[in-house]
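Structure first, then comments.
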Amino acid sequence: MNVNQQTPMASPYGPPQPGYGQPSYAPLGGSYPGPYGPYNGPATAYQPGAPPQGPARGPPTSAPRPVSTPQAYSQYSQGDSQNGPPPMGHSMAQPAHRSPVSQPYSQGAMNLSGPHPSYSQQYGAPPPMQQVTNQMSGMQIGSGPPTSVGPGYAHHPSSQPPISAAYSSAAPPSYTQAPPPLSAAPSQPSPPSEPAASQPYYGGPPPPQQQPFPSAHHPSQPFVSSSPYLGPPSQPQATPVSQQQSFPPGPPAQQPFPNSAPPPVSQQQSFPPGPPAQQPFPNSAPPPVSQQQSFPPGSPAQQPFPNSATPPVSQASYSGPPPPTQHSFPPSSQSGPFPPISISPSQYPGPQPPSQPGPPPFHSGPSPRGPIPPPSMSQQQANHLPPGPMQQQQPPQPGMQGGYPTHQNGAFGQPRGPQPGYAGPQYPGQQNYGAGPAPAPAPPAQKRLDPDSIPSPIQVIEDDRVNKSSEPFTTGVKGQAPPLVTTNFQVKDQGNASPRFIRCTAYNMPCTADMAKQSQVPLAAVIKPLAMLPPDETPPYIVDHGEGGPIRCNRCKAYMCPYMQFIEAGRRFQCGFCSCVTEVPPHYFQHLDHTGKRVDCYDRPELSQGSYEFVATVDYCKNNKLPQPPSFIFFIDVSYNAVKSGMVNIVCQELKTLLDYLPRENPEEDSVVRVGFVTYNKVLHFYNVKSSLAQPQMMVVSDVSDMFLPLLDGFLVSVNDSRMVIESLLDQIPEMFADTRETETVFGPVIQAGLEALKAADCAGKLFVFHSTLPIAEAPGKLKNREDKKLVGTDKEKSLFQPQSGFYSNLSKECVAQGCCVDLFLFPNQYVDVATLGVVPVSTGGSVYKYTYFQAETDRERFLNDLRRDVQKPMGFDAVMRVRTSTGIRATDFFGSFFMSNTTDVELAGLDCDKTVTVEFRHDDKLSEDTGALMQCAVLYTSCSGQRRLRVHNMAVNCCSQLADLYRNCETDTIINFFSKYAYRSILNTPTKTVRDTMVNQCAQILACYRKNCASPSSAGQLILPECMKLLPVYLNCVLKSDVLQPGADISLDDRAYLRQLLSCMDVSESHIFFYPRLLPLVKLDGGSLPMAVRNSEERLSKGGVYLLETGLHLFLWVGANAQQELLSNIFGTPTFSQIDPNMTSLPELDNPFSQRLREIIDSFRSQRSRYMKLMVVKQEDKAELIFKHFLCEDKGTSGGASYVDFLCHMHKEIRQLLS
């Protein structure tokens, strides 16, 4: 659809009909037929707040087009979603642009004089019923199944025009915010050359050309007008009636236009920065708006529709349908029955026709007189204005161009800024608008857009919880999207891996690469191979096939799974991945039943389950010999800073008890993991803790440039054998180094020492390194301080995320080869270059933990909880993972903490239960809808007991040839997880601004493709989002505003590098809470359920409340200045706000139900996360509140990120530019 075509101007008409004007449209050809003939009767003018009718005016002799009055504004109050007709101001002199915020246009009737060209009009079918609900007035956030777009539907006699709901400030959930158009009756046929005047006639018999619409039409009949006039001209829809003023030159009430008719707007007012009202037109016709005004609550515009039930509006994602009183008209303006509100494509509750493949639903077929020019997307001025109350616009001054407000909105009669790169056509005979002054009463103040009308993450999460938490999720249905990560649900494995192990971005893959490219939806899976399952779910069964090992396909080496098809009475099987036929080994043979399944199918996990484990044989082991049990080595930094902060003392005390909790598979047995200890500053001290010794022995290696292991026997020991010696050592270390003055440390030799020890013991293992400063001592891997804030935001910024040298990359390669995983605990007081120190942990499958300005009393609990979990959690060592896929797609890219020496094998020295590997797939051939697509993730690893195992996860998804099916089965949280990992990796090589722009562009392409190919044709002014992606804009904005991509002045380079590495292996539930934190109002905490969360915005906080905010890494308890005394006493044990200690990190244990329940909630939140969340108490107006507000991600970011509302408008503008 071409959005940059000329805009038609209105023509002089005969006298308007009551309350309406008539728009007319110009053909592109440039010929302008004579003025409209039909007489519309006298018009009534409404004054802003009152229903009484104003004086009717007679037909003007020559009048400019109607001026718009304020329209009740819609959802997205700021930004560029432009939805009206095309820019009017191209060939006219444009009024000077005023700041968009101040533009509500004056409300009264305007009398503008001046000649006007008249144009002929084209017809098309009325807009599809389903599309209109939210459009007239604001962005339509459609989100349901797409409707079909067939070429040229003929006008259906009973189709009713859209009614869209009016905005009332009082009704939060409504999506729609402009008065609904009333429908006009279908008229008798008239020749195309003489456009039928559409005159909805209220309060009298219908004009000759028109009969009232049958009122029984059901809203579910979509009509798409994508063809030129076919049959009797549909009578234009009546424009919304709420607050109509008659305008002599009023555009006729509209007709749905094929392709892109600009909407008639009789008297529409411009809005404050925000997208103009959106319209339900096929293709891009802006909506009918006859004089929409915004009313203060309680004004006549908000009366319920007389004579008609409020139509159903199925809202996508807000808290419920809008109250009926919200859409209403002054009673005096209507007398006939109203058509039902049409439901927007996404909102339509019933089944919808399948979308048709083929050309986009916009243009089909030549139009009788040349296409109607589509509205152009004007550049809205207010790109990112914070949502705030809008100021009123002054009445036009006599010298202004006709008093048109310059803010660009969807109103037809307003001049708009030219489209970028578009000069604007000059219409023959066209004159500037508004030659004369236009007296007008002052408009009422425009209301700020109601954020409740845009998609709410909280509502979507809550709806999913209500609908999907009661029944178990069975994995046997191919291509079924699982419940959201925020929902508690039980999984029953019936042949596909549980969503706890694998989540996909799309459960319906496009059949072809072209389709995938067109949609831009990433095809990826986030795989968490060793995920912990809740107690009520069975862990994967372990299958032992004996010496023969697992059964595999001969060609592609895929492991036996439910997708293998047994043939020839069970003697052979055909691989589901490569179709190769393989002999079944005699010991594995079994007969088939009448359906072709093996009779032992349900007795064998590998034939009936999505996830299971095989015991691996010697063939799967390094050097063809079974592995030794793994070892843990603890490296403790004993430099001055580490000792002084208390870290050394805490680590040594904790290890004495922690060594009893080393990982084991059988809780009854002792762990077979062996342990070793080293301390270091500029030199390394190894300890011999052999069980036969009375006291530990220290050996110092001072030649760090050539690292070696000074002892073999006695370094790695069993805890039970050497317990006394180990405890003696741990008691002595803090005393030995208590008076140290050594401030310099090494780091490279520390890793080398651990690697040498594991090589000497011929085992895999993990190094726990507790480190405090930048390693500046002379040694391999020495670093310099390169922190330079001046590079932030420049093209050289990316160098700060890259390691300083190749030393650590080479070292990590050696570690992976040996199965040496590194976990790094940092305690920095200044820059330590996390980007470089983190290379080894990230490449070996390890983790980085960071405790900046560590203080023993406040950070001890967090550090110890992290350490305990890190030591105890189940993990595998020396792992290799490979993802196989069925023919047609292949795994092309991988994200996470691992090393790859070739393009297919993901090598992990260590793989724990929290780590994920994200895999992106690309097409290398066509897929078939019949067979779908298969993936199998196989991980070969050594368990903590020293057994070599193969864990297999299988996943089957559907394939589709219709884009609508793809968009119906996506998972936004997983898409965001993938996008964030992709973006965070990209900043290593690309400036952050480019990365942000690329992400916005890709998301705009995803949504534009849906809009173009799946949504019913409608005006470009609507924002239509797929149901399962309606939260994509809000979550994407959170990613763009995150500290890594858009840092504030106070965030350090180390923090950004740390978060970048942390996100690389997060699963979907952790990335969800990381980008969109959970904000709970602490009101009634009785009962087992949590209070319902509120949206992340400061305006949701009440001064009288207390709120808990969870970010995945922190917990904040925000206390309002006017919180009730009883509440404060229950939580803090003090009744006054001023007595609360903001430095407390744990709540007092009080003996009241509220305190107990709150502490339970905090404990349960902590137990769900892989890192311990420290509690911060934030008092309103306190300095710490700035940190808290940083996580309120729907608000404008402190470092320049857009608010949700602004960003939605920006996305809408991007989508419109793509569609043009």
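Overview of values
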item: Residue list for segment 916-927, filter: in a strand (DSSP E or B) and buried (at least 21 other Cβ atoms within 10 Å of the Cβ); result: 917, 918, 919, 921, 923
item: Candidate set from segment 696-730 (those that are in a loop (DSSP other than H, G, I, E, B), open to solvent by less than 20 Å² (accessible area, probe 1.4 Å) and under 12 Å from residue 676 (Cα atoms)); member that is modelled with the highest pLDDT; result: 715
item: Segment 610-621 residues that are closer than 15 Å to residue 529 by Cβ and modelled with pLDDT of 95 or more, paired with ones that are buried (at least 22 other Cβ atoms within 10 Å of the Cβ) and β-branched (Val, Ile, Thr) (beta carbon under 8 Å, 6 or more apart); result: 610/475; 611/952; 612/952; 613/952; 614/952
item: Any chance residue 648 is in contact with a strand residue (DSSP E or B) (Cβ under 8 Å, 6 or more places away or on another chain), modelled with pLDDT of 95 or more and open to solvent by 60 Å² or more (accessible area, probe 1.4 Å); result: no
item: Residues satisfying the stated conditions in segment 553-573, i.e. under 43 Å from the mean Cα position of the chain (by Cα), surrounded by 17 or more Cβ atoms within 10 Å (Cβ to Cβ) and not in a loop (DSSP other than H, G, I, E, B); result: 559, 566, 573
item: Elements of type helices (runs of 4 or more DSSP H) in segment 960-1038, at least 2 residues being without any contact (Cβ under 8 Å) to a residue 24 or more places away in the chain and open to solvent by 10 Å² or more (accessible area, probe 1.4 Å); result: 992-1013
item: Residues located in segment 531-552, provided they are β-branched (Val, Ile, Thr), over 37 Å from the mean Cα position of the chain (by Cα) and not in a strand (DSSP E or B); result: 551
item: Members of segment 662-683 that are in contact with a Ser or Thr (Cβ under 8 Å, 6 or more places away or on another chain) and outside any loop (DSSP other than H, G, I, E, B); result: 674, 675, 676, 680
item: Enumeration of residues in segment 593-615 that are crowded, with 21+ Cβ neighbours inside 10 Å and either β-branched (Val, Ile, Thr) or assigned to a loop (DSSP other than H, G, I, E, B) (or both); result: 609, 610
item: Subset of segment 1196-1220 [open to solvent by less than 30 Å² (accessible area, probe 1.4 Å) and either in a helix (DSSP H, G or I) or polar (S, T, N, Q) (or both)]; result: 1203, 1204, 1205, 1206, 1207, 1208, 1209, 1211, 1212, 1215, 1216, 1219
item: Test set (1) surrounded by 20 or more Cβ atoms within 10 Å (Cβ to Cβ); (2) in contact with a Phe, Trp or Tyr (Cβ under 8 Å, 6 or more places away or on another chain); (3) touching a residue at least 40 places away in the same chain (Cβ under 8 Å); (4) assigned to a loop (DSSP other than H, G, I, E, B) - residue 781 fails condition number; result: (3)
item: Extreme residue, farthest from residue 867 (Cα to Cα), among residues of segment 616-640 that are open to solvent by 10 Å² or more (accessible area, probe 1.4 Å) and among the aromatic types (Phe, Trp, Tyr); result: 620
item: Any hit, segment 882-900, residues being among the polar types (S, T, N, Q), surrounded by fewer than 17 Cβ atoms within 10 Å (Cβ to Cβ) and free of Cβ contacts under 8 Å to residues at least 60 places away in the same chain; result: yes
item: Members of segment 788-801 that are under 18 Å from residue 986 (Cα atoms) and assigned to a helix (DSSP H, G or I); result: 791, 795, 796, 797, 798, 799, 800, 801
item: Among the residues listed as 643, 683, 689, the single one being open to solvent by less than 10 Å² (accessible area, probe 1.4 Å) and modelled with pLDDT of 95 or more; result: 689
item: Subset of segment 694-722 (residues that are over 51 Å from the mean Cα position of the chain (by Cα) and either over 30 Å from residue 808 (Cα atoms) or among the hydroxyl-bearing types (Ser, Thr, Tyr) (or both)); result: 694, 695, 696, 697, 702, 721, 722
item: Condition broken by residue 676, with the remaining ones in (1) small (Gly, Ala, Ser); (2) over 29 Å from residue 913 (Cα atoms); (3) open to solvent by less than 10 Å² (accessible area, probe 1.4 Å); (4) touching a residue at least 40 places away in the same chain (Cβ under 8 Å) satisfied; result: (2)
item: Qualifying residue in segment 507-522 (condition: open to solvent by less than 20 Å² (accessible area, probe 1.4 Å), under 20 Å from residue 887 (Cα atoms), touching a Lys or Arg at 6+ places or on another chain (Cβ under 7 Å) and part of a loop (DSSP other than H, G, I, E, B)); result: yes
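The values are calculated or read from the model by the stated rules, or taken from the named source; none is laboratory data. Bear in mind that the values here come from a model prediction, so they are computed numbers and not experimental data. All Cβ positions, even for glycine, are placed from backbone atoms using ideal geometry, and neighbour counts span all protein chains on display. Accessible surface areas use protein heavy atoms only, side chains included; no ligands, DNA or RNA. Shrake-Rupley method; radii C 1.70, N 1.55, O 1.52, S 1.80 Å.
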